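See structure below.
The values are calculated or read from the model by the stated rules, or taken from the named source; none is laboratory data. All values derive from a computational prediction rather than experimental measurement. Positions of Cβ are backbone-derived with ideal geometry, glycine not excepted, and every protein chain shown enters the neighbour counts.
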Amino acid sequence: MTAIEDTTTTLPKIPTVRLDQADPALMEELLEVVERVATSGGFTGGPEVEAFEAEFAEYCGSAHAVGLSSGTEAIVLALRALGIGAGDEVIVPSNSFIASAEGVSLAGATPVLVDPDPKTHLLTAEGVAAAIGPKVRAVVAVHLMGSTVDMDALLEVTQPAGLKVIEDTAQAHGAFIRGRRAGSIGDVGCFSFYPTKNLGGWGDGGGIVTNDPEVAHRVRLLRSHGEEPRYHHQMVGTTARLDALQAALLRVKLRRLDAANDARRRLGAALREGLAGTCVELPAAALPDGEGDHVYHLFIVRTKERDALREHLDAHGVGNAVHYPFPIHRTEAYAELGMSEGSLPVSERLAEEILTLPLFPTMSDQDVSRIVAAVRAFRGNH
C-alpha cells in the first residue's frame, strides 16, 4: 500500500462543496436571522428585501439592485425589461449551465449558441463578432467558474452593433474586472443565490443589478404581476420575488463574501501551483493579473482521461463532479436548433474533458495537499 493510499483511507472524503453547516459561528448567526423573520411574519417583500437590495447594489457598485426568485428569472426579466423577445436572437456560450440559454428562450427570443475560447473556457469578443447577425440584439456574457470575461473587449464589439449585454454573474459574485465588480459593467448583471453559490441562500433566489433606472423599474414590475399600485397591472408579469427570509440570510453572508472569496482565491492559487505539470490542464485567465479575477466558484481542470481519474480520486477520498457533461446545443431541450455533433467542437470537447475538484472557503491546507497528492499519484495512460 502506498503512502497516499494509507493516508486517504483513514481520512474522511473531501466533498466537492461544503455549505454553511461547516461554519458553526455563521450557522448561529443565520439561525438568529431565521427566528427574526419568522417572528416578524414578513415573508414576502418588506424591509429585509429592500435592505438587501440597497446593500447589494452598493457592494456591486451599481445604482440599482432587484431581488428575484432565481438566477434564471433574472435573465428572463432582464431581457424582457430591455425589450428583447420574440423574433430576436441572443448570443450565448454553449459551455454553460442551461439557464444561460433557457432565460433567453423563456423571454421569447432565440439563443445563438457559440463556442468559447479553448484555453480560458470563456466567451470572447472575437467569438461574439463572428456570430452577430441581423436578428441578434443581445449577448449573455457568462463569467464561468468565477473567472471573468474581458468585458472591455466585448463592449468594443457590442456597442457599435447596438447590442445589449447581459452579464451572467451566477458564478462570480464579488469578482473584479479592472477595478469594477462583475455584473456592474454590462447593461444588466444577473445573479443566482442558489445555496452552492459564492453568495448563496438557503433555497432558490436571484437578482439583477443595473445603472439604468428604467430597467430596474421594469424588472420590479415584472417580478410581481406588473402591479403598481396594488391591483393596477401595467403589464403582464409573473411571480418572481425574492423571499424575505432569503434576503435576510443573504445580508449576513454578503458581509462575509469578500473574506470567503479571498479564501477561495488563496486555495485556488495553492491548487494551481500544486497541480502544475501534472496530468491535468488548468484553464488560462482571460485577463492579466490585476485586471481580471477568479473567485473560484468551481475549480475546473481538464483531462482526456477524465473517467479514469474520477475513479482514482473516488478511491482516494477526493470528491469530484462534472460541470457540465453536455454542452447546451447538444441537450434534448435545444434539439430544435438542429446543431449536430461537431457543430461547436470546443464546447463538445470541453464537456468530454472537464472535471471539477473540491474547493470551498473552509477547505484546509491538508485538504489541498491530499487533492494534489491524489492527482499526482494518477498514472493512467499519459
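Details
- Ala81 vs. criteria in contact (Cβ under 8 Å) with a residue 12 or more places away in the chain, over 30 Å from Val280 (Cβ atoms) and touching a strand residue (DSSP E or B) at 6+ places or on another chain (Cβ under 6 Å): no
- The set of residues in region 16-49 being surrounded by fewer than 14 Cβ atoms within 10 Å (Cβ to Cβ), within 25 Å of Gln171 (Cα to Cα) and of a type outside the set (A, V, I, L, M) consists of Gln21, Pro24.
- All positions within region 109-164 that are touching a His at 6+ places or on another chain (Cβ under 6 Å) and of a type in the set (Gly, Ala, Ser): Gly146, Ser147
- The conditions of being surrounded by fewer than 24 Cβ atoms within 10 Å (Cβ to Cβ), small (Gly, Ala, Ser), at pLDDT 95 or above and closer than 20 Å to Glu55 by Cα are met by Gly174.
- Filter result for Asp243 (acidic (Asp, Glu) and farther than 16 Å from Leu68 by Cβ): no
- Extreme residue, surrounded by the most Cβ atoms within 10 Å (Cβ to Cβ), among residues of region 314-340 that are under 25 Å from the mean Cα position of the chain (by Cα) and within 19 Å of Val17 (Cα to Cα): Val318
- Filter result for Gly186 (in a loop (DSSP other than H, G, I, E, B), under 23 Å from Gly61 (Cβ atoms) and touching a residue at least 24 places away in the same chain (Cβ under 8 Å)): yes
- Extreme residue, farthest from the chain's Cα centre (by Cα), among residues of region 86-98 that are surrounded by fewer than 24 Cβ atoms within 10 Å (Cβ to Cβ) and at negative phi: Ala86
- Region 339-382, residues that are acidic (Asp, Glu) and touching a Ser or Thr at 6+ places or on another chain (Cβ under 8 Å): Glu353
- Checked against (1) in a loop (DSSP other than H, G, I, E, B); (2) touching a Lys or Arg at 6+ places or on another chain (Cβ under 9 Å); (3) closer than 22 Å to His121 by Cα, Pro325 passes all but condition (2).
- Filter result (charged (D, E, K, R), part of a loop (DSSP other than H, G, I, E, B) and within 25 Å of Thr362 (Cβ to Cβ)) within region 284-317: Asp293
Quick grid of which residues meet (1) in contact with a Lys or Arg (Cβ under 7 Å, 6 or more places away or on another chain); (2) of a type in the set (Asp, Glu); (3) surrounded by 16 or more Cβ atoms within 10 Å (Cβ to Cβ); (4) over 22 Å from Val149 (Cα atoms):
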{"site": "Gly206", "(1), (2), (3), (4)": "no, no, yes, no"}
{"site": "Glu214", "(1), (2), (3), (4)": "no, yes, no, yes"}
{"site": "His225", "(1), (2), (3), (4)": "no, no, yes, yes"}
{"site": "His232", "(1), (2), (3), (4)": "no, no, no, yes"}
{"site": "Val236", "(1), (2), (3), (4)": "no, no, no, yes"}
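- The listed residue being surrounded by 22 or more Cβ atoms within 10 Å (Cβ to Cβ), closer than 27 Å to Ala65 by Cβ and of a type in the set (Asp, Glu), out of Asp258, Asp293: Asp293
- Selection from region 4-15 of residues that are at pLDDT below 95 and surrounded by 14 or more Cβ atoms within 10 Å (Cβ to Cβ): Ile4, Glu5, Thr7, Thr8
- Scan of region 279-307 for residues that are without any contact (Cβ under 8 Å) to a residue 12 or more places away in the chain and within 19 Å of Leu267 (Cβ to Cβ), ordered by number: Asp289
- Scope region 239-283; condition farther than 28 Å from Ala38 by Cβ and assigned to a loop (DSSP other than H, G, I, E, B); matching residues: Ala276, Gly277, Thr278, Cys279, Val280, Leu282, Pro283
- None of Ala63, Ala22, Ala74, Ala54 is under 26 Å from Leu122 (Cβ atoms), within 25 Å of the chain's Cα centre (by Cα) and of a type outside the set (Phe, Trp, Tyr) except Ala74.
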